[in-house]
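To start, the structure under review is shown below, and the notes come after it.
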Amino acid sequence: MRNEIRHNPDFGVIQVTFDQPGEQVVTEAGAMVARDNAIQMQTNLQGGLGAALKRKMLGGESLFQNTFTATAPGQTLWIAPAPEGSVQVIELQPGMEIFLQSGAYLASTPGVQLDTKWQGAKGFFAGGLFLLRAHGQGLLWFATYGGCHTVDVGQQYPGYICDNTHLVAFSQGLNYQVQRLGGMKSLFLSGEGVVCSFQGQGRLWVQTRNPSSLANFLHPFRPVKSNRS
Amino acid sequence: MQTNILYRPSQSLAQVWLQPGESVMAETGAMVGMTPNVTMQTQAGGVGKGLMRLLGGESFFRNTFTAQGGNGEVLFAPPLCGDMAVLECGMQQWVMQSSAFVASSPTIEVQTQRGGFKGLFSGAGLFTLATQGQGQVIVGAFGALEQVNVDGSMIIDTGHLVAWQSTLQYTVGKSGGGWIASFLSGEGLVCHFQGQGVVYLQSRNASEYGQAVGAMLPAREA
Amino acid sequence: MQSIVKHEPAFSLLQVNLAPGEVLTAEAGAMVARSSNLTMEVKLNADPSAGFFDKVKALFVAFVRKLVGGESFFVNQFSSPQGGWVWLAPAMSGAIKEIPLQGRSMLFSAGAYLASAGPVSLRMRFGGLRALLAKEGAFFIEAGGQGNIFVTSYGGIDEVICNGSYVVDNGHLVGFDSTLDFTIRSSGGGLMGLVASGEGLVCEFRGQGRILLQSRNTGSLVGWLTRLLP
């Protein structure tokens with residue numbers, strides 16, 4: 001299987017070209033753009049109802065996932081996320097763990113396992129920072145709203161602070177604390193809200209835009225409900 | 001203050017390096033990330049100034065980021081997708097659309113000025129921002145930025161204007177032959193720039209995008 | 001005429017240099033800037049040689065198109081005896097692609113038209129129920145002739161060669177060669193696929209020809225945003 005990510009960072013899209021019949025890609029529901037007609041699609045509750053429900057409730061992912069199976073070499077499949085922005089791919093090896101911010105998961109190969117990791121009160125204070133843990137072996141694709149900026153903590157930087165709405169993913173070896181910036185005045189007036197302060201050794205993936213800024217910008221342009229009753 | 005703009009044009013991110021003790025001022029909510037030795041302070045710089053900013057479409061408060069006891073780094077981004085540019089102020093001063101301000105050196109005074117009717121019709125809002133002093137300003141745009149050297153005259157759609165050098169004069173007028181034709185053309189009003197200087201254009205019009213996407217969204221409460 | 005597309009794909013900007021007397025026709029509202037010697041004329045979206053009756057018909061067609069295709073009624077024509085330049089951009093974020101038609105005919109989703117130059121014929125073609133189901137509105141734009149058409153998309157544009165059959169999600173279609181035929185069906189995977197795959201309906205193309213895909217889909221954008229709205 002070969003994969004190429006095109007149109008990054010504006011509108012990343014994955015083009016998968018299968019080499020062998022039987023090769024598979026699992027995607028988030030609704031992510032398919034186009035495919036060879038002969039590629040088979042199956043819709044499943046990945047990991048059973050319990051795991052899927054937990055992913056949906058806590059990880060912000062769809063309840064169902066689609067599995068695409070090649071039937072002949074050379075078949076192509078195109079996959080894209082909903083938001084404007086980039087698509088990143090990570091080759092997972094045994095022992096590696098990637099923690100994804102809810103909603104960032106896009107696709108993976110069958111050797112990759114996903115489960116939700118409860119972040120406790122820490123997650124609650126970070127404004128719904130529920131994380132999806134990816135491990136196993138294979139390819140993992142995730143999407144960012146905006147471009148994707150990586151920070152290598154422990155090498156390039158001894159530590160790093162990241163606005164929680166811009167945090168997308170981090171690797172194992174990093175631990176974080178949820179903090180406020182500045183004093184009480186800043187908490188309400190600075191517009192910066194809550195940040196995560198990272199320590200340790202690992203990589204941090206940061207998205208260059210914040211989805212709620214777009215939602216807030218678009219809000220006044222929405223049609224208005226008529227009050228006829 | 002040294003600035004590197006990454007991921008241009010659509011998803012730009014300003015990476016600002018500060019020397020020990022150096023500061024940068026930014027629009028509220030613009031911070032994406034930073035090194036732990038950078039501290040943040042929220043200030044209005046006086047109620048009058050804060051109010052003027054609020055009227056101009058910016059926020060009442062501004063945040064000042066300062067590197068403590070070593071070099072520091074701060075990442076900034078504007079709220080919407082699009083480009084950023086660093087404008088040098090000193091020999092040249094700039095006028096910009098009020099929503100274009102992202103960050104600046106603390107040595108720069110960014111003043112809200114009334115554009116009067118000209119401002120209202122130029123799509124830049126009733127207020128524009130004008131720079132004073134020596135240093136740098138980081139401006140953000142919706143869309144890609146194009147730097148245009150005006151030498152003589154040029155016509156620019158009002159919704160695509162970002163910033164221009166204060167040496168330029170402009171008038172707001174109709175786009176086509178007559179008022180009816182201008183209306184039907186969908187171009188509405190345009191700015192006729194005169195003189196010599198640099199104009200920054202953005203390749204998209206934020207309110208057109210807002211109308212296109214907003215119309216598809218579920219209705220809101222009145 | 002010389003043209004260049006900059007800032008691809010999200011915030012693409014089309015820059016066109018016109019030689020003396022050359023005419024560029026563009027969707028109303030698409031102008032970003034122009035040289036001040038260039039004149040802009042508003043035209044009804046009709047054939048220039050059309051008589052009075054044809055113009056009335058064109059007005060009616062334009063009105064229907066506005067209602068169903070979300071397109072504007074009018075187009076702007078840019079020209080000058082000395083030549084000049086004009087910059088164009090669509091309202092949405094997305095790419096701009098120049099397609100030399102070379103006598104072939106192509107169909108485009110109704111909102112894809114940005115500009116055209118040279119001898120290009122544009123017709124609305126009723127696509128019937130399948131076009132409606134394809135989320136492209138009931139009409140496609142059929143472009144033919146020897147000139148060039150500039151189309152726009154939501155997302156980056158990729159060209160896929162259909163050689164036999166190919167399936168495209170209904171929200172990701174920009175255009176296709178008129179040599180291709182298509183039908184609407186469920187994405188596959190039986191009843192489960194229809195109800196739970198999130199893929200909804202797809203267009204199944206058959207034959208030989210080009211399909212233009214866009215890498216984003218406004219339906220998904222709206223779905224994603226709806227959860228975030230204040």
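None of the figures in this text is laboratory data; all of them are computed from the coordinates on show. Note that the coordinates shown come from a computational prediction; the quantities given were computed from them, not determined experimentally. Because the Cβ atoms are built from the backbone with ideal geometry, glycine has one as well, and the counts that use them run over all protein chains shown.
Quick look at the numbers
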item	result
Nonlocal amide H pairs with C:V32, under 5 Å, H built at 1.01 Å	C:W87, C:L88, C:A89
Estimated distance in nm for a label pair at C:E98 and C:M1, the labels positioned 7 Å out from Cα along Cα-to-Cβ	0.9 nm
Over 16 Å [Cα-Cα, the range C:71-113], rounded percent	59 percent
Rounded to whole Hz, the Karplus (6.51, -1.76, 1.60) HN-Hα couplings of the range C:219-230, x for glycine and proline	x, 5, 4, 5, x, 5, 5, 4, 6, 9, 4, x
Computed [θ] at 222 nm, helices only, for chain B once each DSSP H run of length n ≥ 4 contributes -39500 (n - 2.57)	-3500 deg cm²/dmol
Amide H partners (placed H, <5 Å) of B:T28, local residues excluded	B:S59, B:N63
Phi-based couplings in Hz for the range B:136-145 (Karplus 6.51, -1.76, 1.60; Gly and Pro marked x)	10, 10, 9, 10, x, 9, 9, x, 7, 8
At R0 = 25 Å, FRET efficiency that the Cβ-Cβ distance of B:S153 and B:Q93 yields, to 0.05	0.70
A:Q179/A:L63 FRET efficiency (R0 35 Å; Cβ-Cβ; nearest 0.05)	0.55
Packing-based exposure ordering (other Cβ within 10 Å, fewest first) of C:I4, C:I96	C:I4, C:I96
Table column - 3J(HN,Hα) (Hz), the range C:152-167, Karplus curve with 6.51, -1.76, 1.60, x for Gly and Pro	10, 9, 9, x, x, 9, 10, 9, 10, 8, 8, 10, x, 8, 8, 10
Distance from the range C:185-215 to the range C:107-127 (C-alpha centre basis), Å	24 Å
Extension gain from A:S197 to A:Y157, taking 0.36 nm per residue of separation minus the Cα-Cα distance	13.2 nm
Residue order, fewest to most surrounding Cβ atoms within 10 angstrom, among A:D163, A:D115, C:D177	A:D115, C:D177, A:D163
